[in-house]
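A.B. asks: Encoded as structure tokens, here's the structure I'll be asking about.
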Amino acid sequence: MNVHRFGTVSSTNELLREMAEEGAPEWTAVLAEEQTEGRGRRGRVWYSPPGNLYLSVLLKPDISVVELPRMSLIVSLAVHCALRQRDVSLRLKWPNDVLWDGRKLAGILMEGKTKGETVHYVIAGIGINLRDLRGEYPEELIAKATSCEEAGIHWSPEELLVNLERSIDHHRLSYRGAAWKEARDEWCAHALWDRDYIYDDGTRQMRGRPVDLTSDGYLVLQTESGRMMVQTGELVEV
Ligand code: BTN
């Protein structure tokens, strides 16, 4: 991985997007110590003080737009695997959160460029909370967020980067055939879905329990009115 290291940036995803537009090759990455405009999923802000890990990796998978949900699952599985090296029980929450003790330890923002069915590139933006920031976090995050330090695992950003690189490299082509089936099964084995959630896609909300992933990586939700497949949105604790 060709890692470009920075101190303070607006957003590693934004910087890498600019590099991708200028023709950066696959496996280019941006690592920053701090972000001033860290982006979360669904337009949220990702609180990004120094001491945590902020990494974006450029991927150019040979897939179509319909298959894109697979990439999000694959990257979250790779992050989960890298963090698990330190013997800690972590779970995955659809679409791509890594949880410890039911709270978010790492979040992933997948962005990219597509045209019609074609995927030009994908940017996997990975934020991992390393330091215990409970005294510093904004109030609304304290109940929902945790960190490696709180989970009792200690990583420096550089040590974790080495593991992440190995793990993402190991998983990044697992979007087809037997490797995809294996990745999907492994993701399901670590998923936290033995409970009801409110599914919210911005336009509708409904209560349901996640039960499976389809072969394309869509989530299958058991709702009162039957099973439904969802591709975007999020699950909110009831
Ligand atoms: C989420 O909402 O769970 C996704 C958070 C993703 C945060 C990471 S930090 C590195 C990269 N740069 C960003 O601006 N966002 C992602």
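The values are calculated or read from the model by the stated rules, or taken from the named source; none is laboratory data. These numbers come from a predicted model, not from an experiment. Note that each Cβ is placed from the backbone with ideal geometry, even for glycine, and that neighbours are counted across all protein chains shown.
A.B. asks: For the stretch 45-58, name all the residues that are more than 9 Å from the ligand (Cβ to nearest atom) and part of a loop (DSSP other than H, G, I, E, B).
C.D. replies: Tyr47, Pro49, Pro50, Gly51 - these are the residues of the stretch 45-58 that are more than 9 Å from the ligand (Cβ to nearest atom) and part of a loop (DSSP other than H, G, I, E, B).
A.B. asks: Let me ask you something else. The conditions are (1) free of Cβ contacts under 8 Å to residues at least 60 places away in the same chain; (2) in contact with a helix residue (DSSP H, G or I) (Cβ under 9 Å, 6 or more places away or on another chain); (3) charged (D, E, K, R), and Glu14 fails exactly one of them. Which is it?
C.D. replies: (2)
A.B. asks: Out of the stretch 99-128, which residues are closer than 14 Å to Ile153 by Cα and assigned to a strand (DSSP E or B)? It would help to see each step written out before you state the result.
C.D. replies: First, the residues of the stretch 99-128 that are closer than 14 Å to Ile153 by Cα: 99-101, 105-106, 128.
Hits for the stretch 99-128 are Leu99, Trp100, Leu105, Ala106, Ile128.
A.B. asks: Scan the stretch 1-42 for residues that are within 18 Å of the chain's Cα centre (by Cα), within 14 Å of the ligand (Cβ to nearest atom) and part of a loop (DSSP other than H, G, I, E, B) and report the count.
C.D. replies: Looking only at that region, the number is 4.
A.B. asks: Determine, yes or no, whether Pro61 is at pLDDT below 95, surrounded by 14 or more Cβ atoms within 10 Å (Cβ to Cβ), closer than 30 Å to Leu219 by Cβ and more than 13 Å from the ligand (Cβ to nearest atom). Steps first, answer last, please.
C.D. replies: On the way: at pLDDT below 95: no; surrounded by 14 or more Cβ atoms within 10 Å (Cβ to Cβ): yes; closer than 30 Å to Leu219 by Cβ: yes; more than 13 Å from the ligand (Cβ to nearest atom): yes.
So Pro61 fails the test.
A.B. asks: Is at least one residue of the stretch 46-65 under 18 Å from Thr146 (Cα atoms) and of a type in the set (Lys, Arg)?
C.D. replies: For the stretch 46-65, residues under 18 Å from Thr146 (Cα atoms) and of a type in the set (Lys, Arg): absent.
A.B. asks: If I ask for residues that are among the aliphatic types (A, V, I, L, M) and at positive phi, which ones from the stretch 144-183 would you list?
C.D. replies: Filtering the stretch 144-183 down to residues among the aliphatic types (A, V, I, L, M) leaves 145, 151, 153, 160-162, 164, 168, 173, 178-179, 183.
None - no residue of the stretch 144-183 is among the aliphatic types (A, V, I, L, M) and at positive phi, so the list stays empty.
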